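See below for the structure under consideration.
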Amino acid sequence: MSSVNGAEGGGISVWLRAMPVVFVLIWSTGFIVAKFGLPYAPPLTFLVIRYILSILCFLVWIQLSGAAWPTQRSQWGHLAVTGILMHAGYLGGVWVAVKAGMGSGLVALVVGLQPVLTAIWVSQWAGQRVSRLQWLGLAFGLSGLLLVVWRKLGAGTEVSGFTVAAAVFALLSITAGTLYQKRFMKPTDVRTANLIQLVAALVVTLPLTLFETEAIVWNGEFVGAMVWSVLGLTLGGSSLLYLLIQRGAATAVTSLLYLVPPTTALMAWALFGETITAATIVGTALTALGVSLVVRSSSGPKTKAV
């Protein structure tokens, strides 16, 4: 019996160590999906369909597994707030910005500032000390990220007051959502937690689709983007992000998002033939170094997720 338990424990340990890598790979596909799906649907309508399908998938999963629901009413409210921020706010801002013409690299750059905002917040208001080594890591990460996407910052139609506002709104939403979840959320089953968050996001987003007039073009690229958005990004990526936030300090967890833009660049090279320059390679190395410094030197409290 002890050998079996040891094997199971070893398997769980390997999975926990692999979670950050899997999360970065899945999360990085979000901008790729946007490139595939947004030409054929308005952004908020796409997200509403994604939320509805994701809710149905989680309902089936919860029914089959008997997942536990939160027992405290306050936790339902906290989950709803988190869902509005991290689903409706973040995804809505990103997808509206991309649809309006902002390049995925520039959106990734803006959202990639999240670890800096998180570090500033926890050091000034949350009572957590961000070490000098962590600040150095954040600086390395931001420098690397800028090297990766700097060519996206040139003058052009992708940058306007509207697109910048949408991208900044996404940045503020996911930063606030991450900090709020870390501060108020108790360990909760990830399946029921995601379902509550998605319902809240749907309630907020659905009325906004009344302002969208573009028709949906039902083709293979749209359907493929929707399927991966539901199964990969929502059921997979959002669940992993929830678990990672529950298990690690906020600054260390959100620093993983520094790896998303360079990973997205690699995916774009493989799928669309986009050029990878020397700046991309150097920037990726700097980003990896920065993330390593932040994660290894994190002094935040750990919480156990259920």
*Which pairs do you get when a residue that is closer than 18 Å to F58 by Cα and of a type in the set (G, A, S), found in the range 69-84, comes within reach of a residue that is modelled with pLDDT of 90 or more and not in a loop (DSSP other than H, G, I, E, B), reach meaning Cβ atoms under 6 angstrom, with the pair 6+ apart or on two chains?*
A80/A200; G83/Q197; G83/A200; G83/A201
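Do the conditions hold for L145, that is, is it under 20 Å from T29 (Cβ atoms), in contact (Cβ under 8 Å) with a residue 12 or more places away in the chain and part of a helix (DSSP H, G or I)?
yes
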*Return a yes/no flag: does the range 170-188 have any residue that is in contact with a Gly (Cβ under 6 Å, 6 or more places away or on another chain), modelled with pLDDT of 85 or more and of a type in the set (F, W, Y).*
no
*Would you mind listing the helices (runs of 4 or more DSSP H) fully within the range 40-134 where at least 1 residues are under 21 Å from T29 (Cβ atoms), β-branched (V, I, T) and in contact with a helix residue (DSSP H, G or I) (Cβ under 9 Å, 6 or more places away or on another chain)?*
43-65, 90-99, 104-111
*Just checking, which of V164, V190, V199, V168 is among the aliphatic types (A, V, I, L, M), over 25 Å from L235 (Cβ atoms) and either buried (at least 20 other Cβ atoms within 10 Å of the Cβ) or more than 15 Å from the chain's Cα centre (by Cα) (or both)?*
V164
*Give the residue that is modelled with the highest pLDDT, with candidates limited to residues of the range 270-306 that are in a helix (DSSP H, G or I) and polar (S, T, N, Q).*
T287
*Go through (1) at pLDDT 75 or above; (2) surrounded by fewer than 22 Cβ atoms within 10 Å (Cβ to Cβ); (3) within 16 Å of G137 (Cα to Cα) and name the single condition L240 misses.*
(3)
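The values are calculated or read from the model by the stated rules, or taken from the named source; none is laboratory data. Given the structure is predicted, the values throughout are model-derived calculations rather than measurements. Counting neighbours? That spans all protein chains shown, and the Cβs are built from the backbone with ideal geometry, glycine included.
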